[in-house]
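One structure below.
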Amino acid sequence: MSSQIDKTPEKVPAQAEPACYQNGSRQYQVDDDDIDLLEYWNVIWGGRYFITIVTGVCTLVAVLVTLYVLPVTFRSEAVLQPVAAEQSSINKLSSLTGGLTSVLGIGGGDGNNQQLVDFLSSRNLKQRLIEKYELLPRLYADAWDTEQKKWKETDPEKQPSLIKVLQRNTLNKMFSVATNNKTALITLAWVDEDPAFASLMLERVIQELKHYLEFEYETDAQRERVFTEEQLKKTKHELEFWEQQ
């Protein structure tokens, strides 16, 4: 008994053609998550007038605030170059053209510039400047009555004082000191609404520094000489004492 095998191939159902190959042409299939830059550009272009108006208004407000609200300040700078004692006669080296910056040669360049920086940043100097040049009314201009030359606040405890200025470091808003360890240059800066006053205050600071170098500053050699002289006096007194004995 024979059996006949049907070798007719089965017909495989045709699969659906991908969307990117439909209609016989290859098309780019855009994913839903992709950014449609053209659509965003159309949105921006549609609101171009609104964006332009907002930008213009913000720019105008910034200009008005800068010109009429924020105070205009000027910065005066002086660069000090400490020199050795034998070169201390060179006081002023040059003045940079076109600005309020000057380069000054000043004594005390014995390799220990930190002492000069410490003095310029000290409360002692700030106290001298505030008291000597009456800076309190300038530091607290809103609280000072320029016509009657007195504080608007009648309560002495609420009035600005030297102690409060030193504790709050109020003068640091105007006066600053910076040093460059590589070049040993010391930069002084004074910021004020009056450029002439800023330059004048820097001159006063430099005068105070010169006074400090002349009468208060001690170099290593000076300290060693004073120590040696004291030891010699002590030894001399001891010798005189034992000779009398």
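The values are calculated or read from the model by the stated rules, or taken from the named source; none is laboratory data. Bear in mind that the values here come from a model prediction, so they are computed numbers and not experimental data. Here Cβ is always computed from backbone atoms with ideal geometry, including for glycine, and neighbour counts include all displayed protein chains. Note: areas computed on protein heavy atoms with side chains; ligands, DNA, RNA excluded. Shrake-Rupley method; radii C 1.70, N 1.55, O 1.52, S 1.80 Å.
Across the cross-link table entries LYS132/LYS173; LYS149/LYS210; LYS132/LYS233, which are compared at the Cα atoms, the separations over 28 Å belong to LYS149/LYS210; LYS132/LYS233.
For the range 154-212, GluC sites (Glu not before Pro) are listed when DSSP marks them as loop and at most 12 other Cβ atoms sit within 10 Å of their Cβ; the list is GLU157, GLU193.
Once the C-beta distance of CYS58 and GLU193 is scaled by a Förster radius of 22 Å, the resulting FRET efficiency is 0.25 to the nearest 0.05.
Starting from the Cα-Cα distance between THR154 and GLU39, subtract it from 0.36 nm times their residue separation and give me the gain in nm to one decimal.
Numbers: separation 115, 0.36 × 115 = 41.40 nm, distance 6.64 nm.
Taking THR154 through GLU39 to full extension adds about 34.8 nm, to one decimal.
May I ask you to order 144-153, 127-136 by the average number of other C-beta atoms within 10 Å around their residues, highest value first? Intermediate values should be presented prior to the final figure.
Details: 144-153: 11.2, 127-136: 14.8.
The peptides rank, most packed first, as 127-136, 144-153.
When each of the peptides 168-179, 40-51 is scored by how many other beta carbons lie within 10 Å of its residues on average, the order from highest to lowest is 168-179, 40-51.
Heavy-atom accessible surface of ASP36, to the nearest 10 Å², is about 80 Å², with a 1.4 Å probe and all protein chains retained.
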